[in-house]
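Visitor: Below is one structure. I have some questions about it.
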Amino acid sequence: QVHLVESGGGLVQAGGSLRLSCAASGRTFSTYAMGWFRQAPGKEREFVAAIKWSGGYTNYGRSVMGRFTISRDNAKNTVYLQMRSLKLDDTAVYYCVASRSGYSAYVSDYDYWGQGTQVTVSS
């Protein structure tokens, strides 16, 4: 069982940066692939980024590639999402996720979800 708690969301101006954190409980954190999804009002959940349990491989959604960076610290049971050059379209609730399988872009592959943290980008 893995319990996920996101933090770091907030209000930021377009072009700015923000870093999200996700603290995970559970002794087996280091064996899970971790990731982030987001959901804007009226839209489906969108894959943002994922990272393999070892941290050596990452996967990014097309809309954030080159602007967002996912990383993890297994010693701290924490995964991060560094967001740069934020755009108005990045406004959404961001969810931290964990998977016992791969680091895919599919919602159905993730076993655990956090409650989400709101990110609002203003002009």
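The values are calculated or read from the model by the stated rules, or taken from the named source; none is laboratory data. Quantities reported herein were computed from a predicted structural model and do not represent experimental measurements. So basically every Cβ, Gly included, is an ideal-geometry build from the backbone, and we count neighbours across all protein chains shown. Just so you know, the surface numbers come from the protein's heavy atoms only, side chains and all, with ligands and any DNA or RNA stripped out. Shrake-Rupley method; radii C 1.70, N 1.55, O 1.52, S 1.80 Å.
Visitor: Under a 5 Å amide H to amide H cut-off, with H placed in plane at 1.01 Å, what residues pair with F68 once short-range neighbours are removed?
Guide: When sequence neighbours closer than 5 places are left aside, the close amide H contacts are R84.
Visitor: What size of dipole, in debye to the nearest 20, comes out for the chain about its Cα centre when the only charges are +1 on Lys and Arg C-beta atoms and -1 on Asp and Glu C-beta atoms?
Guide: 240
Visitor: Right, something else. If you filter the range 54-123 for trypsin sites (Lys or Arg not before Pro), then keep DSSP loop positions with at most 15 other Cβ within 10 Å, what is left?
Guide: Of the trypsin sites (Lys or Arg not before Pro), the ones in loops of the range 54-123 whose Cβ has at most 15 other Cβ atoms within 10 Å are R62, R67, K76, R84, K87, R100.
Visitor: Which whole-number value in Å² is the accessible area per residue of the chain, probe 1.4 Å?
Guide: Result: 53 Å² of accessible area for each residue.
Visitor: Using 0.36 nm per residue of separation minus the Cα-Cα distance, give me the extension gain between Y106 and S25 in nm, one decimal.
Guide: Full extension of this stretch gives 26.9 nm more.
Visitor: Another question about this same structure. Short version: ³J(HN,Hα) in whole Hz for each residue of the range 26-31, in order, from phi by Karplus 6.51 cos²θ - 1.76 cosθ + 1.60 (θ = phi - 60°), x for Gly and Pro, what are they?
Guide: x, 6, 9, 3, 5, 9
Visitor: Right, something else. Calculate one ³J(HN,Hα) per residue across the range 97-113 by plugging θ = phi - 60° into the Karplus curve 6.51 cos²θ - 1.76 cosθ + 1.60, and present them in order as whole Hz with x for glycine and proline.
Guide: 9, 9, 10, 7, 10, x, 10, 7, 9, 9, 3, 5, 7, 9, 8, 10, 10
Visitor: Near the amide H of G16, under 5 Å away, which other amide H atoms are found, from residues 5 or more places off or on another chain, if H is placed in the peptide plane?
Guide: The list, which skips near neighbours in sequence, is L86.
Visitor: Counting only protein heavy atoms, what percent of the accessible surface of the chain is carbon or sulfur at a 1.4 Å probe?
Guide: 48
Visitor: Find the relative contact order for the chain and round it to a whole percent, using C-alpha pairs within less than 8 Å whose residues are 6+ positions apart.
Guide: 36
Visitor: If you don't mind, there's one more thing I want to ask. Mind checking the range 4-76 for GluC sites (Glu not before Pro) that DSSP puts in a loop (not H, G, I, E or B) and that have at most 14 other Cβ atoms within 10 Å?
Guide: Qualifying residues, ordered by number: E44.
Visitor: Write down the percent of antiparallel bridges among all DSSP beta bridges whose residues are both part of the chain, to the nearest 5.
Guide: Antiparallel: roughly 90 percent of the beta bridges in the chain.
Visitor: Could I ask something else about it? Report ³J(HN,Hα) in whole Hz for each residue of the range 81-87, in order, from the Karplus equation J = 6.51 cos²θ - 1.76 cosθ + 1.60 where θ = phi - 60°; Gly and Pro get x.
Guide: With coefficients 6.51, -1.76 and 1.60, one gets 9, 8, 10, 10, 6, 5, 10 Hz.
Visitor: Which value, in Å to one decimal place, does the Kirkwood hydrodynamic radius take for the chain when every pair of different Cα atoms is included?
Guide: Hydrodynamic radius (Kirkwood, Cα pairs) of the chain is 14.1 Å.
Visitor: Please list the radius of gyration and Dmax for the range 1-51, considering alpha-carbon atoms only, with Å as the unit.
Guide: So, for the range 1-51, Rg and Dmax equal 13.3, 38 Å respectively.
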